[in-house]
């Protein structure tokens, strides 16, 4: 059940990131045309683009992990032996979860501060609030923690049972 829910959430976030990238392309084109043709750029474009890049990265993080799109170096895994892929998957799941849990923990206070203080990016005509980006970072990192823990659990169970986890099949296609 958690896998299905994660998959749906990841797909929705993937679509949202694609829509955001598509929208940003129009903004950047309008900004360039405004600069060149009318000598008047679209106000706030650099701020919107810089915030959007962070948002896009963390909207896509869950998809990158769940689809097996993260780097996987089989040369090191092969040195461990037959159980190397399972051990590698378990360790990478635990380490990945720990890393992204630190991002969630470190993002909590700045996100609340951005929300309560009305923190913004940019000066003048257009001021972009910072809190949406900070909360997307927290949510995206939290989703990745869940995905990594799920992969680590699947690998641990496979190690106990002696069967390869489904996660491993995705990763092996992206090996170095």
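Among 88, 25, 107, which one moves the most in a GNM of the chain with springs linking Cα atoms closer than 10 Å?
Comparing 88, 25, 107 in the GNM, the peak value goes to 25.
Output needed for segment 83-126: three equivalent-ellipsoid semi-axes, defined as square roots of 5 times the C-alpha gyration tensor eigenvalues, in descending order, whole Å.
39, 12, 4
Percent relative contact order of the chain, based on C-alpha pairs within less than 8 angstrom and at least six residues apart?
It comes to 30 percent, rounded to a whole number.
Fewest to most neighbouring Cβ within 10 Å: what's the order for 9, 160?
If I rank by nearby Cβ atoms, fewest first, I get 160, 9.
Rounded to a whole number, what is D in µm²/s for segment 39-108 from Stokes-Einstein with the Kirkwood radius over alpha-carbon pairs (4 °C, 1.567 mPa s)?
The diffusion coefficient I find is 86 µm²/s.
Quick one: among 129, 110, 41, which has the greatest mean-square fluctuation in a GNM of the chain with alpha-carbon springs under 10 angstrom?
41
What Kirkwood hydrodynamic radius, in Å, does segment 2-172 give when the mean of 1/r is taken over all pairs of distinct Cα atoms and then inverted?
Averaging 1/r across every pair of different Cα atoms and inverting gives 18.2 Å.
As an exercise, take the mean of 1/r over every pair of distinct alpha carbons in segment 1-71, invert it, and state the Kirkwood radius in angstroms.
Working: mean 1/r = 0.0728 Å⁻¹.
Here the Kirkwood hydrodynamic radius works out to 13.7 Å.
Output needed: percent of Cα pairs per 10 Å distance bin for segment 90-155, bins running from 0 to the one holding the longest distance.
P(r) for segment 90-155, in whole percents per bin: 23, 36, 23, 13, 4, 0.
Every number here is computed from the coordinates shown, using simple stated rules; none is lab data. All values reported here derive from a predicted model rather than from experimental measurement. All Cβ positions, glycine included, derive from the backbone under ideal geometry; neighbour counts span all protein chains shown.
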